[in-house]
Amino acid sequence: MNTRLALLSAVDPGVTESEIFRLALQHAVGELGALGGMIHLRGPMSALRLVSATGLPAVLTRPWEIIDQNGPLAPTRALHQGRGVWIAPGSGEQPGSDAVSWPGTGLAAVPVFSGDRGIGALTVVMGGQGEPTVEQWGLSPRRTGHRRRRRLVRHRPSLRRSGRPGRR
């Protein structure tokens, strides 16, 4: 993880937020050995909007482009609970009746923060390894160089994970 943070710290100061999110998502997917992932940010009118996706075909992400931020899906639950959430397969985790079932062993979602305010969520589709390990979930700000990440993004949104995940 420290190597990945070092790569992120090499980002040019003027880089766009969308590029920061794209890089952070790719590194989260790589670090967890996930199949792919998404980042949702709060938007107007109680919606979470998909702002970045990697490793997932459009047939899977299209129904997740705009989701109700007060709904029961993994990104919204992580955002409201302020901690990681694990959703096992077969839980019906779909934003609509026409959505395709997810591959893999489940969805892991963590909130995205700007300062102390939750502004969205990062969700990954886990592969054969299943739920993230305690060490992977336990990437608390004090143990992962959160201060370095905060310096990297300065006033941009930062990723933070805290505590043990909630379960459905």
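The values are calculated or read from the model by the stated rules, or taken from the named source; none is laboratory data. Because the structure is predicted, anything quoted here is derived from the model rather than measured. Neighbour counts run over all protein chains shown; Cβ positions are idealised from the backbone, glycine included. Note: areas computed on protein heavy atoms with side chains; ligands, DNA, RNA excluded. Shrake-Rupley method; radii C 1.70, N 1.55, O 1.52, S 1.80 Å.
Multiplying the residue separation of Ile119 and His80 by 0.36 nm and removing their Cα-Cα distance gives an extension gain of 13.0 nm. Convex hull volume of the Cα atoms of the stretch 1-60, normalised per residue: 99 Å³.
Between Ala88 and Ser18, the simple spin-label model (points 7 angstrom out along Cα→Cβ) gives 3.9 nm. Taking amide H as placed 1.01 Å from N in the peptide plane, the amide H of Gly36 sits under 5 Å from that of Val125, each at least 5 places away or on another chain.
The label-point distance for Glu135 and Ser101, in a model that sets each label 7 Å from Cα toward Cβ, rounds to 3.3 nm. Rounded to the nearest 10 square angstrom, Leu73 shows an accessible area of 20 square angstrom against a 1.4 Å probe. Legend: calculated FRET efficiency, Ile66 to Val11, from the Cβ-Cβ distance at R0 = 41 Å, rounded to 0.05, equals 0.90.
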